[in-house]
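Q: Got a structure for you, questions after.
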Amino acid sequence: MIRRMLIALIRNPSRRASMPRKSSVALLMLFVTASPALAETAPPLPFAVANARAQAASPQAIAEYRYRLQQYQAARAEYDADAEAYWTAIADKRRTRNAKRRAGDRITADDYVLAQPPVYNGPKRPVDPEPTPQPPRERRSIPVVADFLKAAAQHYQFTPQRPAAEIEFKRAYARTAIAMGLTRDQAVRVYAFETGGNGDHDMQSGLSKSRPGSRAISTAIGYNQLLTTNTLVLLAEQGNHILKALNDKAARLSGAPRAALERKIVVVKRMVALARSIPGNWSEHEKLGRTPQGWGVHALVLDIDVGPLLQTHKLLTSVNFARQKGYMQPLTAAELEMMNLTGDSTGLDMVTMPQALREVVPTANFFQRSGYERNPVAIRHNTVAKLLAITDSRMDANSANPGARELAAAF
């Protein structure tokens, strides 16, 4: 699954408050890993081992440690000063670009930092021979599909309508995507990137049927790997469109199927009202998404009527944003994924960049420092051109997998 990363890592505060991006759960498996800075620090020793080592530490070992620690701290201080200056320049250039864009002025190479970020090449932090024993950190529990279903039943008396076979959900998604203006290429390649080309409608980031004992790394689920926050923001923003589509479908039905869909519409209305009851920004919806009420709303992604609407709107929001900003060319799947994952404004910055600039502008220009340092792919493929190329390459490879071929056939 390619989404081990970005959810909160790539999420940029400069994104539109109405639709920030995780986030999207694909520069996640592709992008998220441990920070290099964290890798320099040895993991805490078990309590008993730490005590034993502390008792065995000699004066010479302690003196050697303190000397090496001073060397490390001096080297880190020099690096941190360089890094702080670099990332301040990144932020300043971003503000300049945003101002020029608002004024309709042309963006040039001078509006980007063209140097790559400084890299720490000094000594590693030495291991303390007298470590202070630390209690083990408590792992934060991440809700899984079973929790979403339980919360939906408890708070909304709702059970999502699941497909009898996965192809049914793929066909529903294909019909919705085509009707709303996405292309097969966009939908299938984004699916391939987000899920590895084999994801089911209830696939969750970090969990794999082929890896027993795997753990969820986020709440991202589905073909586009929506987070709980994505679902809530989409309902707040697109609730009217989603309800209209459901009502239009109900009008074409009769008997028991119509009655069932009308009951579902009542539940969706309640969820839309909840999503709109809080301030329209990412952080407030994120707080709601950490509660059982938010989990219950997230179960909509699993519903064969509502899930395809949510996931299509997730991508269509970026397409419409580009058009509103005057970019009328069709977005490639890789370009759409950049907007999907980094936020519309940041992604469009890359999308509208001429190829000559793409070749030289570092990817660091589109990240916060903390997010960049946790993104080995963005570091390794360190220009816009390289980042788009590796995204396309992953899409090419994963589109050959059975799930992606089945989704393509559904179109």
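Q: Right, Arg215: on the phi < 0 side of the Ramachandran plot, assigned to a helix (DSSP H, G or I) and either surrounded by fewer than 18 Cβ atoms within 10 Å (Cβ to Cβ) or at pLDDT 95 or above (or both) or not?
A: It is false that Arg215 is on the phi < 0 side of the Ramachandran plot, assigned to a helix (DSSP H, G or I) and either surrounded by fewer than 18 Cβ atoms within 10 Å (Cβ to Cβ) or at pLDDT 95 or above (or both).
Q: Next question. Considering only segment 138-155, how many residues are hydrophobic (A, V, I, L, M, F, W, C), in a helix (DSSP H, G or I) and surrounded by 12 or more Cβ atoms within 10 Å (Cβ to Cβ)?
A: 6
Q: Would a scan of segment 350-364 turn up a residue that is in the same structural domain as Arg171 (by TED's automatic domain parsing) and in contact with a Pro (Cβ under 9 Å, 6 or more places away or on another chain)?
A: There is at least one residue in segment 350-364 that is in the same structural domain as Arg171 (by TED's automatic domain parsing) and in contact with a Pro (Cβ under 9 Å, 6 or more places away or on another chain).
Q: Is it the case that segment 182-202 has a residue that's part of a helix (DSSP H, G or I) and under 13 Å from Leu300 (Cα atoms)?
A: For segment 182-202, residues part of a helix (DSSP H, G or I) and under 13 Å from Leu300 (Cα atoms): absent.
Q: Residue under question is Asp128, and the condition is that it be in a loop (DSSP other than H, G, I, E, B), more than 27 Å from the chain's Cα centre (by Cα) and assigned by TED's automatic domain parsing to the domain that holds Arg66; does it hold?
A: Against the criterion (in a loop (DSSP other than H, G, I, E, B), more than 27 Å from the chain's Cα centre (by Cα) and assigned by TED's automatic domain parsing to the domain that holds Arg66), Asp128 does not qualify.
Q: Can you tell me which condition Ala259 does not meet? The list is (1) within 19 Å of Pro163 (Cα to Cα); (2) surrounded by 14 or more Cβ atoms within 10 Å (Cβ to Cβ); (3) more than 17 Å from the chain's Cα centre (by Cα); (4) not charged (D, E, K, R), and all the others hold.
A: Of everything listed in (1) within 19 Å of Pro163 (Cα to Cα); (2) surrounded by 14 or more Cβ atoms within 10 Å (Cβ to Cβ); (3) more than 17 Å from the chain's Cα centre (by Cα); (4) not charged (D, E, K, R), Ala259 misses just condition (2).
Q: Could I ask something else about it? Which of (1) crowded, with 17+ Cβ neighbours inside 10 Å; (2) modelled with pLDDT under 95 does Pro135 not meet, given it meets every other one?
A: The single condition Pro135 does not satisfy is (1).
Q: List, please: which pairs have Cβ atoms under 6 Å, are six or more places apart or on different chains, and start with a residue in segment 173-200 that is in the same structural domain as Leu310 (by TED's automatic domain parsing) and end with one that is basic (Lys, Arg) and outside any loop (DSSP other than H, G, I, E, B)?
A: Going by the 6 Å Cβ cut-off, the qualifying pairs are Phe193/Arg394; Glu194/Arg3.
Q: Still on this model: Scan (1) under 24 Å from Arg394 (Cβ atoms); (2) at pLDDT 95 or above for the single condition Leu246 breaks and write down its number.
A: Of (1) under 24 Å from Arg394 (Cβ atoms); (2) at pLDDT 95 or above, only one is false for Leu246: (1).
Q: Looking only at segment 324-336, decide whether some residue is under 18 Å from the mean Cα position of the chain (by Cα) and surrounded by fewer than 18 Cβ atoms within 10 Å (Cβ to Cβ).
A: Filtering segment 324-336 for residues under 18 Å from the mean Cα position of the chain (by Cα) gives 333-336.
Filter again for surrounded by fewer than 18 Cβ atoms within 10 Å (Cβ to Cβ), leaving none.
No, every residue in segment 324-336 fails to be under 18 Å from the mean Cα position of the chain (by Cα) and surrounded by fewer than 18 Cβ atoms within 10 Å (Cβ to Cβ).
Q: Now a separate question. Hey, can you tell me all the residues within segment 89-123 that are surrounded by 12 or more Cβ atoms within 10 Å (Cβ to Cβ) and not in a loop (DSSP other than H, G, I, E, B)?
A: Ala89, Ile90, Ala91, Lys93, Arg94, Thr96, Arg97, Asn98, Lys100, Arg101, Ala109, Asp111
Q: Could you pull out every one of the helices (runs of 4 or more DSSP H) wholly within segment 253-333 that has 1 or more residues that are more than 25 Å from Met350 (Cα to Cα), outside the structural domain of Asn98 (by TED's automatic domain parsing) and among the charged types (D, E, K, R)?
A: The helices (runs of 4 or more DSSP H) meeting that bar are 255-275, 282-289.
Q: Same structure again: Filter segment 195-215 down to residues that are out of contact with any Pro (no Cβ under 8 Å at 6 or more places or on another chain) and of a type in the set (Gly, Ala, Ser) and give me whichever is nearest to Ser399 (Cα to Cα).
A: Gly196
The values are calculated or read from the model by the stated rules, or taken from the named source; none is laboratory data. What you see is a predicted model; the values in this text were computed from it and never measured. Here the Cβ is made from the backbone with ideal geometry for all residues, glycine too, and neighbour counts use every protein chain on show.
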